[in-house]
1. If you go through segment 65-97 one residue at a time, how many are in a helix (DSSP H, G or I) and more than 18 Å from the chain's Cα centre (by Cα)?
2. Every residue in segment 171-197 that is within 25 Å of the chain's Cα centre (by Cα) and of a type in the set (S, T, N, Q), please.
3. With among the β-branched types (Val, Ile, Thr), assigned to a helix (DSSP H, G or I) and farther than 25 Å from residue 158 by Cα as the only criterion, which of 62, 42 stands out?
4. Which pairs do you get when a residue that is farther than 21 Å from residue 34 by Cβ, found in segment 114-140, comes within reach of a residue that is among the aromatic types (Phe, Trp, Tyr) and assigned to a loop (DSSP other than H, G, I, E, B), reach meaning Cβ atoms under 9 angstrom, with the pair 6+ apart or on two chains?
5. When you look at residue 160, is it more than 24 Å from residue 5 (Cβ to Cβ), touching a residue at least 60 places away in the same chain (Cβ under 8 Å), of a type in the set (S, T, N, Q) and in contact with an Asp or Glu (Cβ under 9 Å, 6 or more places away or on another chain), yes or no?
6. Cβ-Cβ distance below 7 Å, separation of 6 or more or different chains: which pairs start in segment 61-82 with a residue that is over 12 Å from residue 163 (Cβ atoms) and end on one that is not aromatic (Phe, Trp, Tyr)?
7. How many of the residues making up segment 35-53 are surrounded by 13 or more Cβ atoms within 10 Å (Cβ to Cβ) and either over 14 Å from residue 111 (Cβ atoms) or basic (Lys, Arg) (or both)?
Amino acid sequence: MKWSWETAFEVLPQLAEGLLVTIQATIVASLLAYVLGLAIAILKMSKRKLTRVCLYWITEFIRRTPILVQLYVVFYVLPDFGIFLEAFTCGVIVLGIHFSTYTSEVFRAGIDNVPKGQWEAAKSLNYNPFQTWKNIILPQAIPPMIPPLANYLITMFKETPLLAAITVVELFRAADQYSNSHYTYLEPMTLVGLFFLIVSIPSAMLAMKLEKKFKQIKTA
């Protein structure tokens, strides 16, 4: 089988559209993962044991089951109970919830690294819980979390081909559709891998630079 530049240029527009969907899904899912992850981390610090235990087992269940199974359950099983979601919406929700169980641990570690004296300072200033989190804890906790959160963003980007299983026409499915209709796989699949590398490698390098930067700040 020989490489065909004609086929490569012909499939490029479809792949470009698929890449756009992939990036959109990654951004929306990551925002959901960050917001839910922070909420889970805060709730896990609750004084109520029942809340902590329930969250622990829920997050463990989500983390220990495959994303593909979760996608199938939400997209194909929930309609039997009258719950219907569009493929893209279903995909970003499942990705966001799944990765929120990982980002919550990042947030928890960052919050734990804030010196206890900062909590006491907030109390001495008569800050309510919202003011304490907003003005004192999170501004100190979030910067060191940026590198690991960026790494999870890259991981989510690489997991988006799983959305093809629920008919989302992202980068991989766009290539797959073209390949199945034209009976050629070399060019589409090679370009898919190339697109993932083009996005992932610079993102990984940026994450590494951020990690080095925050390590320097910490040791300064």
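The values are calculated or read from the model by the stated rules, or taken from the named source; none is laboratory data. None of the values given here were measured: they were computed from a predicted structure. Note: ideal-geometry Cβ built from the backbone for every residue, glycine included; neighbour counts use all protein chains shown. Remember, those area values only see protein heavy atoms, side chains included, never the ligands or the DNA or RNA. Shrake-Rupley method; radii C 1.70, N 1.55, O 1.52, S 1.80 Å.
1. Matching residues across segment 65-97 total 9.
2. Scanning segment 171-197 gives a single hit, 190.
3. Numbers: 62 fails: farther than 25 Å from residue 158 by Cα.
Matching residue, one of 62, 42: 42.
4. If the second residue must be among the aromatic types (Phe, Trp, Tyr) and assigned to a loop (DSSP other than H, G, I, E, B), the pairs left are 121/127.
5. Values: more than 24 Å from residue 5 (Cβ to Cβ): yes; touching a residue at least 60 places away in the same chain (Cβ under 8 Å): yes; of a type in the set (S, T, N, Q): yes; in contact with an Asp or Glu (Cβ under 9 Å, 6 or more places away or on another chain): yes.
Judged against the criteria, residue 160 is a match.
6. So the pair list comes out as 62/97; 62/98; 62/101; 63/101.
7. Looking only at that region, the number is 5.
For (1) closer than 28 Å to residue 212 by Cα; (2) open to solvent by less than 60 Å² (accessible area, probe 1.4 Å); (3) not basic (Lys, Arg), each residue gets a yes or a no:
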site: 99; (1), (2), (3): yes, yes, yes
site: 110; (1), (2), (3): yes, yes, yes
site: 114; (1), (2), (3): yes, yes, yes
site: 126; (1), (2), (3): no, no, yes
site: 136; (1), (2), (3): yes, yes, yes
site: 151; (1), (2), (3): yes, no, yes
site: 163; (1), (2), (3): no, yes, yes
site: 179; (1), (2), (3): no, yes, yes
site: 183; (1), (2), (3): no, no, yes
